[in-house]
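Values in this text are rule-based calculations from the coordinates and carry no lab data. Only a predicted model underlies this, so the values are computations on that prediction, with no experimental measurement involved. Here the Cβ positions follow ideal geometry from the backbone for every residue, glycine too, while neighbour counts run over all protein chains shown.
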Amino acid sequence: MIRLALFIARKELRIEWRSRVLVWQVLPFSVMAMVIAGLAIGPDESTGRRLAPGLMYLIITLVALQVIGRSHAADDARDTAVSVAMLGIDGGANYLGKVFALFAHLVVVTSALVTVDAVVFHLRFEEVLRGIPFIALSLAAIASAGVLYAALTRGSASLLPVLALPALAPVVMAGERTLTAIFHGGVVSRWVVLLAVITAVYGALGVLLYGAVEES
Amino acid sequence: MSLASLHDAVVTAQSFPLLTGVTATFEAGQLYSITGPNGAGKTSLLRLLAGLVPLARGSGTVLGRDLLSPQRREIRRHVGWLGHEGPFYDELTVRENLAFAARVSNIDSHGIDAVIATVGLSSRADLRAKHLSAGQRRRIGMAWLLLRRAELWLLDEPYASLDGSARSLFDDIVAQATVAGSCVVVTSHDALGAKVPVNSLALRGGSL
Amino acid sequence: MKPLLSRALGPSALVATVATIVLGLFVTPPDVVQGELARLLYVHPAVAWVALYLSLGTATVASALYLWPRTRSMVADRVAEAAMEVSVVFVALTLVTGSIWGRPAWGVWWVWDARLTSTAVLGILTLGYLALRRANDDPLVRARRSAVLALVSAANVPIVHFSVLWWKTLHQGATVFTENRDITVHGSMAWTLLLSFIAFSLDFGWLVRARYRIATSLSTNFDRELDVALATRRTEDAS
């Protein structure tokens, strides 16, 4: 199943790379959103430093919604939906493949976001570096949940945020708390457990149930 | 041998009956042509046989699977399908599309170059599907049918956007499949230029 | 036996609810610390129990039964839908009564209290379920997708609970029942509290059954419409 999933992930990445939507549309949006957030909280530097983790997670979530929405874009194209449905692809492998690809897309977008966040809010380089594993873990949680919600809301794009945002709320809390703890001191272990649990729970549900969602 | 049979099959969209009670049997090694005016239910009948839509009333089995049971979803994995759509992904090349379909369907991909040659796309094998004409895109679908070698073929308006030589090629492919023992079900406005005997079924207002 | 129980549901829900109102408002004494406000004890905990456990539990079990091929039936789908709709109403009531109860202590209508916050997040999750049902016309697609969402949402309940709890405990451990606001429950108060749980559970049962009947009659209508449409289409072709 994993090998098939990796094969599907490669297909997804190839299609995304050739269409360049991520590079030319999502990436500029995410950078601009970070700058706008900086403008919205005013020029005070200490406020910026204090709010940086929360703002970053807010924007990661908003950008993730866009990227998640794209995870089924190629499948929903005019001609593709029926012909791919006729292949009867294994639900679990298809789910995992899409999660891997979505994770890779999120990593690309978030790298740019984190860099801008660090520059405009004057975060220290080593702090940001220490935060990276936690950010990566929260992206895994977002990816494993996101593919399932994207499949559930296929055909009604405006429904995606309604379902995904309350479900991503724990990821935002965990992410913000972890980064704040790294920047200003505090406990991170329980949040790491929480993020791992979210990733595992969605991963298991996705492998089991994705086929049932796609079947329809 | 009967590969598919329907008894008084009704298929609906909301509460509108697309099929109003179809009873039919489809045998191995036979070619069936389903004719009828627009909206007669030709595509709905194919989608029902493919397990893509549920039965609202009546009963049926396809390739040994009950259309009323959850097994219905397995059917699609075992039929050869040519819809109005041609390839799988616009951003993948002809070869990549076929390799993808073969891999996820557990089909040996060694024959890909041969089937690409058969449908006359060799010179365009590494061109992305979106750069092909409508007729060429349908040839990718034909290549997939050849690679797939299913027992039951469901072809929706296969002549659409095909030129003379492609039609002739298509007739050859269908004839070979029928002789090899597959059951081929074709919907069409035009008379088939079939090279094997055709069982004609006229669909009107959702029933035969 | 079954019709008798079924017929008794409405009257017993009514009797239990009226008894709770009478006992809660007129018979039980006001609380030493909280005074008359403590009478929310006979509404809020029972409403929250129905919202967060009984209705979500019912919807989750029904959804799991729908997804399991052997137990798949539209009955399970309708029960899940009915329970989830009732849940939305009770979650809203939980939030409103919690907010009214907390207002004198907090001085505001909303605080980032752990239970309040997680209940609100769950409320939006259940609203999402209803939104998803309305986004799909095909009954089978709707049933399958919403059953999956119900299970996913159920898995979210503990995740949301702990995340909000930990998020909050870094500042304060407040919930509706803080130590200094604890109500000593005894005598008539304890009985009325117990009765309120029974009453609201019965109300839940009655509402779910009513909603289920509406769904069933809609589907019977659908069958009738299909009969008419089939007859119409067949005569059109004959002519």
**Prompt:** Give me the log10 of I(q) over I(0) for chain B at q = 0.09, 0.18 Å⁻¹, as the Debye formula computes it from C-alpha points; what are the numbers?
**Reply:** -0.34, -1.29
**Prompt:** To the nearest 20 debye, what charge dipole does region A:2-214 have about its Cα centre, counting +1 at the Cβ of each Lys and Arg and -1 at the Cβ of each Asp and Glu?
**Reply:** 260
**Prompt:** Once both axes come from the Cα atoms, what is the angle between helix B:134-148 and the longest principal axis of chain B, in degrees from 0 to 90, rounded to 10?
**Reply:** 80
**Asked** Are there any helices in chain A, counted as whole DSSP H runs, that stretch 30 Å or more along their axis by Cα and score at least -1.0 on average by Kyte-Doolittle, and if so which?
**Response** A:45-70, A:91-120, A:125-152, A:159-184, A:189-214
**Request:** Pick out, from B:ALA125, C:ILE214, A:ALA37, the residue whose Cα sits farthest towards the positive end of the charge dipole of the protein assembly as shown, with +1 on the Cβ of Lys and Arg and -1 on the Cβ of Asp and Glu.
**Result:** C:ILE214
**Fill in**
Expected sort for B:47-60, B:67-80 on mean C-beta neighbours within 10 Å, highest first, is B:47-60, B:67-80
**Mean-position separation - Cα centroids, region C:98-165 and region B:61-134, in angstrom** = 42
**Complete:** For chain B, the longest principal axis of the Cα atoms and the Cα long axis of helix B:94-104 enclose an angle in degrees, to the nearest 10, of 50
**Asked** How large are Rg and Dmax for the protein assembly as shown when only the alpha carbon atoms are used, in Å?
**Response** 29.6, 96
**Extreme residue, positive dipole direction of the protein assembly as shown, given options C:VAL32, B:THR178, A:ALA167 (C-beta unit charges)** = B:THR178
**Request:** State to the nearest 20 debye the size of the charge dipole of region B:2-202 about its Cα centre, where the only charges are +1 on K and R beta carbons and -1 on D and E beta carbons.
**Result:** 280
**Prompt:** Which value in deg cm²/dmol, rounded to the nearest 500, describes the helix-derived mean residue ellipticity at 222 nm for chain A, given -39,500 (n - 2.57) per DSSP H run of n ≥ 4 and division by the residue count?
**Reply:** -28500 deg cm²/dmol
**Fill in**
Residues whose built amide H sits under 5 Å from the amide H of B:SER207, excluding neighbours closer than 5 in sequence, are B:THR20
**Request:** Determine, at each q value in 0.17 (inverse angstroms), the log₁₀ of I(q)/I(0) that the Debye formula gives when each Cα of region A:1-136 is one equal point scatterer.
**Result:** -0.91
**Complete:** GNM on chain A, Cα springs under 10 Å; top mean-square fluctuation among A:ARG190, A:ARG49, A:ARG70 goes to A:ARG190
**Prompt:** What is the distance in Å between the Cα centres of region A:135-179 and region C:73-89?
**Reply:** 25
**Asked** When the dipole is taken about the Cα centre of the protein assembly as shown, and only Lys, Arg (+1) and Asp, Glu (-1) are charged at their Cβ, what size is it in debye, to the nearest 20?
**Response** 360
